[in-house]
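A.B. asks: Handing you a structure now.
What follows is calculated from the coordinates using simple rules that are stated; it is not laboratory data. If you're wondering where the values come from, they're calculated on a predicted model, not measured in any experiment. Cβ placement follows ideal geometry from the backbone for every residue including glycine, while neighbour counts extend to all protein chains displayed.
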Ligand SMILES: *Cc1c(COP(=O)(O)O)cnc(C)c1O
Ligand code: SF4
């Protein structure tokens, strides 16, 4: 019986070649649902979405067979709920579009600048705050050159955050070329890589990638994105261990998501499992109100209860900072300073 269930479940690609695994990702929700034994579960999907479906097989393999409420499945499934419009929700919830100017740099906070290096991801998270981001208009060689020129000319920037999309979708040589440009700037002390690939495509974490991140005059920090302990399978834990062994500091940011991780057991377990994998919890973001994501919203009052419950049971260093991004603020705003909605 158990063997039959396993045989029908999504299987991770066995190639170990990350580019091939990326190409083999699910692009059709019905195919994933069928592999999970949910073809006839009556799940109402949005077939009209402009934010396409995409899930790696490595990630799908961690979903529970036959469970329409699986916490990983919920993160990627384009539910019909996405089509309902809500007044407080829009395409640019944190005011990024106007920030872009003529390059691909977002310069919101002191000392740090965020460089959008690609619009591509290995997985499409339905709650993504950049799901309507104008990648087409904001990327390209000329914009990247202007962004690097702006970083080079501004000695106040000591940390560059590589973001996207997912910066580790770039090929090694493109990434190495970008890192070399940053390495030539003496005021850059840290480069932070915001990525989901160690989680959704662990084969991307290769010795060559780690060598290019660590053999630099700046310090590299890896900020991964894990929302649920079920995402931490042995392949991901091994990829994270390699990153730590190479000398990278590893932090996690998660998003508080209704039906995924709005539960003290899940969040406490996530922190414990991250720590065992060598990763410290950094942020737990309140959902940014981007169109199509309201079914993931957790009220601020509930978020406060969860935060208090976490504080009461975990060491301080395993309690993530619960924050919301507010357009115009000088930093991410702690939950304690936010009004209850
Ligand atoms: C979140 C963010 C950062 C990084 O903020 P930290 O609090 O340092 O993690 C930097 N730039 C932009 C535009 C951001 O959205
Ligand atoms: S990996 Fe990150 S950028 Fe890409 S869809 Fe998910 S949340 Fe958005």
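A.B. asks: Under the rule a/c < 1.5 gives rounded, and otherwise a/b versus b/c splits prolate from oblate, where does region 88-143 land using the Cα gyration tensor?
C.D. replies: oblate
A.B. asks: Moving on. Need the full-extension length gain, residue 337 to residue 81, defined as separation in residues times 0.36 nm minus the C-alpha distance. One decimal, nm. All intermediate terms of the calculation are to be shown ahead of the outcome.
C.D. replies: Values: separation 256, 0.36 × 256 = 92.16 nm, distance 3.01 nm.
Between residue 337 and residue 81, full extension yields an extra 89.2 nm.
A.B. asks: Quick check on packing: order 21-31, 161-171 by the mean number of other C-beta atoms within 10 Å, highest mean leading.
C.D. replies: 161-171, 21-31
A.B. asks: Also, I was wondering about something else. Provide the gained length on full extension for the span residue 43 to residue 158, in nm with one decimal, where the gain is 0.36 nm per separating residue minus the Cα-Cα distance.
C.D. replies: 36.7 nm
A.B. asks: If region 34-137 were replaced by its equivalent ellipsoid, with semi-axes equal to the square roots of 5 times the Cα gyration tensor eigenvalues, what would those be, largest first, whole Å?
C.D. replies: 31, 17, 11
A.B. asks: Rounded if a/c is under 1.5, else prolate if a/b is larger than b/c, else oblate: which is region 201-310, with a ≥ b ≥ c the root eigenvalues of its Cα gyration tensor?
C.D. replies: Because a/c hits 1.5 or more and a/b exceeds b/c, region 201-310 counts as prolate.
A.B. asks: In region 230-286, what is the volume of the convex hull around the alpha carbon atoms, normalised per residue and reported in Å³?
C.D. replies: In region 230-286, the Cα convex hull volume per residue is 69 Å³.
A.B. asks: On full extension of the chain, what length is gained from residue 149 through residue 183, given 0.36 nm per residue of separation minus the C-alpha to C-alpha distance?
C.D. replies: Residue separation times 0.36 nm, minus the Cα-Cα distance, leaves 10.9 nm.
A.B. asks: To check you understand DSSP bridge types, tell me what percent of the beta bridges within region 97-336 (both residues inside) are antiparallel, rounded to 5. Before the final figure, lay out each step's value.
C.D. replies: Working: 4 of 30 bridges.
Here the share of antiparallel DSSP bridges comes out near 15 percent.
A.B. asks: Label region 41-83 by shape, choosing from rounded, prolate and oblate, from the square roots a ≥ b ≥ c of the eigenvalues of the Cα gyration tensor; if a/c is under 1.5 it is rounded, and otherwise prolate applies when a/b is larger than b/c, oblate when it is not. Could you put the intermediate results ahead of the total?
C.D. replies: Numbers: a/c = 2.59, a/b = 1.39, b/c = 1.87.
Here region 41-83 falls in the oblate category.
A.B. asks: Additional query: Extending each Cα 7 Å along its Cβ direction at residue 137 and residue 329, get the distance between those two points in nm, one decimal.
C.D. replies: Calculated label separation equals 2.7 nm.
A.B. asks: When the helix-only estimate is applied to the chain (DSSP H runs of n ≥ 4, each -39,500 (n - 2.57), divided by the residue count), what is the mean residue ellipticity at 222 nm, nearest 500 deg cm²/dmol?
C.D. replies: About -9000 deg cm²/dmol.
A.B. asks: For labels at residue 305 and residue 23 in the simple 7 Å Cα→Cβ model, what's the distance in nm?
C.D. replies: So the label points at residue 305 and residue 23 sit 5.0 nm apart.
A.B. asks: Going 7 Å from the Cα of residue 321 toward and past its Cβ, which residues in region 266-287 have a backbone nitrogen under 11 Å from where you end up?
C.D. replies: Zone members listed by number: 282-284.
A.B. asks: Continuing with this model, one more query. If R₀ is 56 angstrom, what is the calculated FRET efficiency for the pair residue 110 and residue 30, using the beta carbon separation as r and rounding to 0.05?
C.D. replies: 0.75
A.B. asks: Using just the Cα positions, wrap the chain in a convex hull and report its mean projected area in square nanometres, one decimal place.
C.D. replies: Value for the chain: 17.2 nm².
A.B. asks: Please report the relative contact order for region 231-294, taking Cα pairs under 8 Å with a sequence separation of at least 6, and give it as a percent rounded to a whole number.
C.D. replies: Rounded, it is 42 percent for region 231-294.
A.B. asks: Which value in Å is the Kirkwood Rh of region 166-230 over different Cα pairs?
C.D. replies: Roughly 12.5 Å, rounded to one decimal.
A.B. asks: What's the exposure ranking of 125, 158, going from fewest to most Cβ atoms within 10 Å?
C.D. replies: Numbers: 125 22, 158 16.
Lowest count first: 158, 125.
A.B. asks: Ranked highest first by the average count of other Cβ atoms within 10 Å around their residues, in what order do 62-68, 255-261, 312-318, 140-146 fall?
C.D. replies: Ranking, from highest mean packing down: 255-261, 62-68, 140-146, 312-318.
A.B. asks: What does a probe at residue 280 reach in region 241-258, counting residues whose amide N is under 14 Å from the point 7 Å along Cα→Cβ?
C.D. replies: Residues 248-253 qualify, since their backbone N sits under 14 Å from the label point.
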